[in-house]
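The values are calculated or read from the model by the stated rules, or taken from the named source; none is laboratory data. Note that this is a predicted model, so its numbers are computed, not measured. Here the Cβ positions follow ideal geometry from the backbone for every residue, glycine too, while neighbour counts run over all protein chains shown.
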Amino acid sequence: MKEYLYDKLILTTGALTIQDVLINFAAACVLSILIFISYRVSHAGAVYSRKFNVSVVMLTLVTTLVMNVIGNNIALSLGMVGALSIVRFRTAIKDPRDTAYIFWAIAVGICCGVSDYLIAGIGTFIIFLFLMFFGIVRDNERIMAVLKVKSDSVGTVSRDITSYFRGHAVMRMQNVSKEKGQAEVIYEISDKLLKKVEKKNGPFLTLFSEKDNVISVSLVRQDEEINL
């Protein structure tokens, strides 16, 4: 019994040939390129991170490498799990979709590492098509309208904004500085509302920047895209 367990835990290494390893990495490279393209398309704009995209590709290759090392060796796999369990990742995920890409890269790496190219290819193809159709979906982007005005004109500007957006703009902050004679007001609106109102009443930035009681005006998107 002891010899049987020893053979299963230690001697069953499932060593791969050099050709097998190269094929595994070649498959991982091809599929990781699809992941790279999918991420690039679905994260077009300021939210796109080249470093993260490259890291996803590297994660696929590293996972393939780990699976090549483990093979069918149960003892080695348990040791790898114990070693990797001490790793702590502190990188903040800006977009919830990034988590899906991380799991996608790991799954592809595992499949390629065990030479299961069929599942890896079919799964990657289906996920790739899904993200091509739905990956570009954005949240209802919120925009902050930031205006610096003369302190004695806050009420007038607030009424103008309310009239411009027909009462749909929500005030988020109002800060008055008596020493400088200025005030800062911030309104929250939706991207859809802004586009709809601008078609009818004209560009928001142009109209309010021309007012005598407005010192400066800017639009700040929460997706980190800024219009000045």
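Observations on the structure shown:
- Against the criterion of being over 30 Å from PRO96 (Cα atoms), in a helix (DSSP H, G or I) and charged (D, E, K, R), LYS192 does not qualify.
- In this structure, GLY71 does satisfy being closer than 15 Å to GLY113 by Cα and modelled with pLDDT under 85.
- Residue-level analysis places SER163 outside the set of residues that are part of a loop (DSSP other than H, G, I, E, B), modelled with pLDDT of 80 or more and surrounded by 10 or more Cβ atoms within 10 Å (Cβ to Cβ).
- The single condition among (1) surrounded by 12 or more Cβ atoms within 10 Å (Cβ to Cβ); (2) at pLDDT below 85 that TYR187 does not satisfy is (2).
- Among the candidates VAL154, VAL114, VAL108, residue that is β-branched (Val, Ile, Thr) and in the same structural domain as LEU207 (by TED's automatic domain parsing): VAL154
- Top-ranked residue in region 74-117 [being of a type in the set (Asp, Glu) and more than 26 Å from LEU22 (Cβ to Cβ); ranked as modelled with the lowest pLDDT]: ASP95
- Selection count, region 193-208, where residues are over 18 Å from ARG221 (Cβ atoms) and surrounded by 15 or more Cβ atoms within 10 Å (Cβ to Cβ): 1
- Scanning region 118-155 for residues that are in a helix (DSSP H, G or I) and either of a type in the set (A, V, I, L, M) or modelled with pLDDT of 85 or more (or both) yields a total of 16.
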